[in-house]
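The values are calculated or read from the model by the stated rules, or taken from the named source; none is laboratory data. No experiment lies behind these values; they were computed from the predicted model shown. Please note: Cβ atoms are built from the backbone with ideal geometry, for glycine as well, and neighbour counts cover all protein chains shown. Ligands, DNA and RNA are stripped out before the accessible areas are found, and what is left, the full protein with its side chains, is counted by its heavy atoms. Shrake-Rupley method; radii C 1.70, N 1.55, O 1.52, S 1.80 Å.
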Amino acid sequence: MEKLNRLGGRHVNVDLIRTVAMLEVILLHAAGRWAISSQEFNQMNPLELTHWGFVDIYQSLGVIAVPLFLMLTGALLLQPEKKESLSVFWKKRWARIGLPSLFWGAAYFIWDFTVQNIPFTASTIIQGILNGPYTQMWYLYVLVGLYILTPILRIFIAHADPTLIKYFVIIWVVGVAVIPVFSLFTIFELNSNVFALTGYVGFFVLGAYLSTVQPRRSIVAVLMVLGIALTAICTYVLAATVGGKEMYFFQQYFSPTVILASIMMFLLLLTIKPPAVQKESRPSIFNKLICLISHNTLAIFFIHVMIIESIQLGYFGFTLNRTTLNPIIEVPLLTVVTLFGSLGIILLLKRVPYLKKLIGCQM
């Protein structure tokens, strides 16, 4: 029987949230290969500008992935009924995240030295261990930081009333999103020490809080589309005006438009019940595929960058990159091929004895 997740007193389709977030991670990295500078933007012809406009939309959608994963993790780990000792908590995290991180970290060091031709030096290895050996590995360090705070945050969520949790979230949003926008569009800058509550912890707590909220689906959907649209539009405006390092300001995880879109997408996905509690539901290929992807999101997260780069380099006998197709088609096609290619390879690797625990399962 399918395991049902209950958040905020209701059944939640966790598999769907994980799958959507994983798809967006791949979309973001596929679209990120088309990132340009403000100087390149100013030199583009109308056709190139159209291509970049679609990439802008893809990136604005894909950037929601990390907030989605963090909110889901917070919703699952910060439930008031979660009570376990520190030793039990860390043993679970080590088995689920620690071992796969070591395995894939070693794999990406080999990838660095063989495929990317990065010099094999002690400095490279030390820096890779301290910050992550490859593009997507930074997220694991965010998780470790949040895991360290989880036992404390569990007490806060369990005993704080909703007003205090809202206060926490408001302070965080003002500090990470509102004040930076104020500084971007004015000549003034507030001392950053005023808001000590920053970083990804806000998404973590948001997940626990939002799991208790049940808004109207139609309003949530409209606001989600608005958040994604504003992210794309504001990025285009900054590219055409300000440029420079601020060009992608609104595609950062803490921009107000990304936070809006992330919250609304999370709420929207929370309203979709798992197939097991839907009336007259029948097992379908789609539902089985969602579960399969969800149960392998961590492994897919680790391997997907290798797959993207292998496809772009033609290692599988075909090539998908900016020289073979325009990004309107290339980015979503690369996303889909990477998702199913990653899933297929992971399922094959799991057939190898002793590898199953090392490869990883769910995020």
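Conditions: (1) over 21 Å from the mean Cα position of the chain (by Cα); (2) closer than 30 Å to Leu99 by Cα. His159 meets all but one. Number of the miss?
Unmet condition: (2).
Does the range 148-162 include one or more residues that are of a type in the set (Ser, Thr, Tyr) and open to solvent by 30 Å² or more (accessible area, probe 1.4 Å)?
No: zero hits.
Under 6 Å between Cβ atoms, at least 6 apart or on separate chains: pull out the pairs that start in the range 238-265 with a residue that is closer than 26 Å to Leu16 by Cα and assigned to a loop (DSSP other than H, G, I, E, B) and end on any residue that is hydrophobic (A, V, I, L, M, F, W, C) and open to solvent by 10 Å² or more (accessible area, probe 1.4 Å).
From the range 238-265, the pairs are Tyr253/Val66; Phe254/Val176.
Just a yes or no: is a residue in the range 65-73 in contact (Cβ under 8 Å) with a residue 40 or more places away in the chain, polar (S, T, N, Q) and either open to solvent by 70 Å² or more (accessible area, probe 1.4 Å) or in a helix (DSSP H, G or I) (or both)?
yes
Among the residues of the range 128-147, which ones are surrounded by 15 or more Cβ atoms within 10 Å (Cβ to Cβ), in contact (Cβ under 8 Å) with a residue 24 or more places away in the chain and assigned to a helix (DSSP H, G or I)?
Gln136, Met137, Tyr139, Leu140, Val142, Leu143, Leu146, Tyr147
Suppose we filter Leu61, Leu49 for residues that are touching a residue at least 40 places away in the same chain (Cβ under 8 Å), part of a helix (DSSP H, G or I) and at negative phi; which single one remains?
Just a single option satisfies the conditions, and that option is Leu61.
Yes or no, residue by residue, for (1) closer than 25 Å to Gly32 by Cβ; (2) under 19 Å from the mean Cα position of the chain (by Cα):
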site	(1), (2)
Phe185	no, no
Phe188	no, no
Asn193	no, no
Gln214	no, no
Gly227	yes, yes
Gly244	yes, no
Ser255	yes, yes
Ile272	no, no
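Hey, could you check the range 78-127 for residues that are part of a loop (DSSP other than H, G, I, E, B) and crowded, with 16+ Cβ neighbours inside 10 Å and say which is nearest to the chain's Cα centre (by Cα)?
Step by step, filter the range 78-127, then rank; the result is Leu78.
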